[in-house]
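Below is one structure, written out as structure tokens; comments come after it.
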Amino acid sequence: MFGYNTSNVYHNIVDSVRSGSGIEHGAYLKRNSVYPEIVSPLVPVVTGNIFKNAENYAVYTAPNPETTGGSVTGNILSITRTIRWLIIPGLWLIITQ
Amino acid sequence: MDNSDRTPSQVTGIGLTFNWAHHVDISGYHTNHSAVGLMVKLNANALLQGRYDKVLLRKIRIFDNYIFRSNGEGMYIGHTGISGTTTGNSTPYGPPARMDSIEIYNNILDSLDWDGIQLSNALNGCKINNNFVRRYGIANIGSQQAGILSGGNISGVQVYNNMTVMVQVQVL
């Protein structure tokens, strides 16, 4: 995500983010400048997501001064197959076929 | 659109595209193999009405669509040359038109060489929710490997209840 103001990422499932370069994150959030508008800081709120098999960080918020506050809470990182079955048994069948 | 019997080099067309429009619903659309599954953007142009500060592409809803196999993005929504200065992605007429209140939901995207859902240059009230994006970034090209990409130039977006699965495993 490249945006600004309060941005919410919640209740998503992200599985297997891999390029082979070791740089891919489950979620990446950064505020970047835009011309000609003058934009506010990014306030990222990342909560209640499931991230599995991200080759770098599950959640990465770029440490620039225009990114302030927000929260990263209540996410499940790299769950086991057992838990995955418990949560989304029907959907997992689709994925593996 | 069904290009399932063609090779990638034979497929150069966008499945569905529009530019100078607002208050649009796109639903029930299906494509099988396209260069880009769905594209919505307006380049800045010579007419004043086509400048970023004169027109706003707002209230566009994209829902209940199935996009299978694309050589580029599954959905390319919003111009990515935001400031109008990007080489090869700009015109002499300044920044491209902004979007607003874009909603992308209940879509399935599968087997995409680049990003799955890309929403850019959309200012307020945007939502990306309840989508399933599978096998994206197949071409393994840098900056083209996001299941869902929002930005740049998006204010207060909400991304929720989506599932993305890259599937391809290249690291052993």
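What follows is calculated from the coordinates using simple rules that are stated; it is not laboratory data. Just so you know, these numbers come straight off a predicted model, no measurement behind them. Methodologically, a virtual Cβ is constructed for each residue, glycine included, from the backbone with ideal geometry; neighbour enumeration extends over all protein chains shown.
Can you find, among A:48, A:22, B:12, the residue farthest towards the positive end of the dipole of the protein assembly as shown? Put +1 on the C-beta of Lys and Arg, -1 on that of Asp and Glu.
A:48
Can you list the HN-Hα couplings for region B:32-49, worked out from phi with the Karplus curve (6.51, -1.76, 1.60; θ = phi - 60°), rounded to whole Hz and with x for Gly and Pro?
Once θ is set to phi - 60°, the couplings for region B:32-49 become 10, 6, 9, 5, 9, x, 8, 10, 10, 6, 10, 6, 4, 9, 5, 5, 4, 5 Hz.
Show me, for region A:30-39, the HN-Hα J-couplings you get by feeding each phi into the Karplus relation (A = 6.51, B = -1.76, C = 1.60, θ = phi - 60°), rounded to Hz, glycine and proline as x.
8, 9, 10, 6, 9, 10, x, 5, 10, 9
Just grab the label-to-label distance for residue A:78 and residue A:21, each label 7 Å out from Cα along the Cβ direction, in nm (one decimal).
Result for the modelled spin labels: 2.2 nm.
Just to check I understand the Karplus step: with θ = phi - 60° and J = 6.51 cos²θ - 1.76 cosθ + 1.60, what whole-Hz values come out for region B:114-129, glycine and proline as x?
Here the 3J(HN,Hα) series is 10, 4, x, 10, 10, 10, 9, 6, 10, 7, 9, x, 9, 9, 10, 8 Hz.
So for region B:8-165, what percent of the C-alpha to C-alpha distances run longer than 22 Å?
Tail of the P(r) past 22 Å holds 36 percent of the pairs.
Averaged over A:32-40, how many beta carbons belonging to a partner chain fall within 10 Å of each residue's beta carbon?
That average works out to 5.
Let me know the charge dipole size of the protein assembly as shown about its Cα centre in debye, to the nearest 20, where only the beta-carbon of Lys, Arg (+1) and Asp, Glu (-1) is charged.
Result for the protein assembly as shown is approximately 180 debye, rounded to the nearest 20.
Under the definition of Cα pairs under 8 Å and six or more residues apart, what whole-number percent is the relative contact order of region B:8-165?
20
For residue B:66, what is the net charge nearby, where nearby means another residue's Cβ is under 15 Å from its Cβ and Lys, Arg count +1, Asp, Glu -1?
With Lys, Arg at +1 and Asp, Glu at -1, the net is 0.
By the scheme Lys and Arg +1, Asp and Glu -1, what is the net charge of all other residues having a beta-carbon under 12 Å from that of residue A:1?
+2
State to the nearest 20 debye the size of the charge dipole of chain B about its Cα centre, where the only charges are +1 on K and R beta carbons and -1 on D and E beta carbons.
320
Would the protein assembly as shown count as rounded, prolate or oblate if I go by the C-alpha gyration tensor, calling it rounded below 1.5 in a/c and otherwise prolate when a/b exceeds b/c, oblate otherwise?
Verdict is oblate for the protein assembly as shown.
For residue A:52, list the aspartates and glutamates whose Cα falls under 20 Å from its own Cα; do not include residues on the same chain fewer than 8 positions away.
A:15, A:24, B:110, B:115
Reachable aspartates and glutamates from residue A:30, Cα under 15 Å, same-chain residues fewer than 8 places away excluded?
List returned: A:66.
By how many nm would the segment from residue B:91 to residue B:53 grow when fully extended, if each residue of separation counts as 0.36 nm and the alpha-carbon distance is taken off?
Full extension from residue B:91 to residue B:53 adds 12.2 nm.
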